[in-house]
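The values are calculated or read from the model by the stated rules, or taken from the named source; none is laboratory data. Just so it is clear, the model here is predicted, and its values are computed rather than measured. Cβ sites come from the backbone with ideal geometry, for glycine too, and all protein chains shown count toward neighbours. Quick note on the areas: whole protein, heavy atoms, side chains included, nothing else; ligands and nucleic acids left out. Shrake-Rupley method; radii C 1.70, N 1.55, O 1.52, S 1.80 Å.
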Amino acid sequence: YYTTTLDTNISTLVAEKTSVELPDNSQVSLNALSTLTYNKNNWSKNRSITLNGEAYFKVAKGSKFRVSTPLGVITVLGTQFNVKQRNNLLEVNCYEGSVKVSYNKTTAVLKAGDSFLILDGKYIAQEKENRLNPSWINNKSYFKSIPLNYVLDELERQYNITVHANSIDLNEIYTGTFSHKDIELALKSITLPLNLKYRIQDNSVVLTRE
């Protein structure tokens, strides 16, 4: 008796995105610093994926499709949705069809435009959205009432930089968008609304209070 792991692992580096086609023609877009694992040989019987990071799924209709993250499980039949799992944050956005999210003893069914957000162990209600796909697909990161530390983490992932913000309250709430194409523009988008200053030094950014 022996087992063999025939899992396929796909990972992205800092500042890298990639697209993956699954055996059933389902499409996955993988955001920076994310890992996707699935079993190609067993796919027809078990459409199951493990995700660390963030991915946008366009799932071909068929049997149950399951995405497992360290914080929760998402189950669908055929739909379009985004899953973001970073540290103590789990966010699921449904863009088409319906999605079931299971987190601890909480289960929610999302329809198009619905979101599910767990932040530091707490469920946070979200208003309905009418976007057609996640902003990062279009090289922008969008945040709505999210603590600054999660925003800066994403900035580091998209630009391969280190952010030093020792004198800043990282629990401060940020709402806004930053570009993945222009570091100066991205920093202005984050710092101006919060009255912060930034200084770029080599591959580092230092944030200070004005």
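Laid out as a table, the results:
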{"quantity": "Residue that is farthest from residue 22 (Cα to Cα) [pool: residues in the stretch 112-122 that are open to solvent by less than 40 Å² (accessible area, probe 1.4 Å) and touching a residue at least 24 places away in the same chain (Cβ under 8 Å)]", "calculated": "119"}
{"quantity": "Unique match (being outside any loop (DSSP other than H, G, I, E, B), hydrophobic (A, V, I, L, M, F, W, C), modelled with pLDDT of 95 or more and open to solvent by 70 Å² or more (accessible area, probe 1.4 Å)) among 20, 28, 109", "calculated": "109"}
{"quantity": "Odd one out for residue 161 among (1) closer than 15 Å to residue 199 by Cα; (2) surrounded by fewer than 18 Cβ atoms within 10 Å (Cβ to Cβ)", "calculated": "(2)"}
{"quantity": "Residue match in the stretch 10-21 (condition: under 16 Å from residue 136 (Cβ atoms), among the polar types (S, T, N, Q) and touching a residue at least 60 places away in the same chain (Cβ under 8 Å))", "calculated": "no"}
{"quantity": "Residue satisfying all of: in the stretch 164-197; over 19 Å from the mean Cα position of the chain (by Cα) and assigned to a strand (DSSP E or B); surrounded by the most Cβ atoms within 10 Å (Cβ to Cβ) among these", "calculated": "196"}
{"quantity": "Conditions (1) under 22 Å from residue 84 (Cβ atoms); (2) modelled with pLDDT under 95; number of the one not met by residue 201", "calculated": "(1)"}
{"quantity": "Qualifying positions in the stretch 94-114 - within 18 Å of the chain's Cα centre (by Cα), of a type in the set (A, V, I, L, M, F, W, C) and under 17 Å from residue 69 (Cβ atoms)", "calculated": "94, 99, 101, 110"}
{"quantity": "The stretch 57-106: number of residues that are closer than 18 Å to residue 136 by Cβ, open to solvent by 10 Å² or more (accessible area, probe 1.4 Å) and at pLDDT 95 or above", "calculated": "10"}
